[in-house]
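Here is the structure we will look at.
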Amino acid sequence: MDLKNIDINKEIGAVGDVLNQEQKTKGLLIHAFQKLQSEMNYLPEEALKALGEKLNIPMSFVYSTASFYKQFYFNPRGKTIVKVCTGTACHVRGAGEVLSELKEEFGVEEGETTEDLSMTLETVGCVGCCGLAPVATINEDVIGEIDDERINEIIQSVKEA
Ligand code: FES
């Protein structure tokens, strides 16, 4: 067989079409997930069902696509997202204590959201500011050198948000 004369589009024909369609469908879904999540803060089950029905896409495909990406959430999240860095430098400099104090103050465990949806508490690996350890982020802001005073500031900012 002379490989130089193969028309790849003709050879893969329907397979190429199927792959392209699947890629297009995934792209459409991801865009819809991002829009839904920006409006609702997570992806409610009813919204995913409605999306699947509207686009005539099986729910198994909708869920498998959404769950593949860590950026999508299936449970309500808080207005403020607090992430305590538990990377090595932060761990050594007291991240565990920071996390414990926030858990106790808000009555949540790691990965949980307060009942009033004011805050979600999470942990994160190194955020690249090891020199400021221990570090946490509040939404997009980085808070470093966390001591008792800064913990109180974090608590206040969550309560005032
Ligand atoms: S380990 Fe926390 S910022 Fe690097």
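The values are calculated or read from the model by the stated rules, or taken from the named source; none is laboratory data. Fair warning: this is a prediction, and the values are worked out from it, not measured in the lab. Please note: Cβ atoms are built from the backbone with ideal geometry, for glycine as well, and neighbour counts cover all protein chains shown. Quick note on the areas: whole protein, heavy atoms, side chains included, nothing else; ligands and nucleic acids left out. Shrake-Rupley method; radii C 1.70, N 1.55, O 1.52, S 1.80 Å.
Rolling a 1.4 Å probe over the protein heavy atoms of the chain, with every protein chain left in place, gives an accessible area that is 51 percent carbon and sulfur. Only bridges with both residues in the chain count here: give the DSSP antiparallel percent, nearest 5. Given both bridge residues lie in the chain, the antiparallel proportion sits at roughly 55 percent. If you take every DSSP beta bridge fully contained in the range 80-160, what fraction is antiparallel? Give it as a percent rounded to 5. The antiparallel proportion sits near 55 percent.
Computed extension length for T88-R150: 20.3 nm, one decimal, from 0.36 nm per residue of separation with the Cα-Cα distance subtracted. Could you please state, rounded to a whole Å, how far the C-alpha centre of the range 111-132 is from the C-alpha centre of the range 136-161? Result: 10 Å between the Cα centres.
Distance between the modelled labels on D116 and K103, one decimal in nanometres: 2.3 nm (7 Å Cα→Cβ projection). Segment Q71..Q34, full-extension length gain: 12.4 nm, with 0.36 nm per residue of separation and the alpha-carbon distance subtracted. Kindly flag which residue pairs out of K49/K103; K49/K159; K26/K70; K79/K103; K35/K79 have an alpha-carbon separation exceeding 27 Å in this structure. As for pairs spanning more than 27 Å Cα to Cα, those are K49/K103; K49/K159.
For the chain, the list of Cys residues with no other Cys C-beta under 4.7 Å reads C126, C129, C130. FRET efficiency for the K49 to Q23 pair, using the beta carbon distance and R₀ = 22 Å, is estimated at 0.45.
Please go through the range 87-126 and write out the GluC sites (Glu not before Pro) that DSSP classes as loop and that have at most 15 other C-beta atoms within 10 Å.
Details: sites: E97, E101, E104, E105, E109, E110, E112, E115, E122; in loops: E109, E110, E112, E115.
When the GluC sites (Glu not before Pro) of the range 87-126 are filtered for loop state and at most 15 Cβ neighbours within 10 Å, E109, E110, E115 remain.
Shown here for the range 55-145: trypsin sites (Lys or Arg not before Pro) in loop regions (DSSP other than H, G, I, E, B) with at most 12 other Cβ atoms within 10 Å, namely K70.
Projecting label points 7 angstrom from Cα along Cα→Cβ for E140 and V124 puts them 1.2 nm apart.
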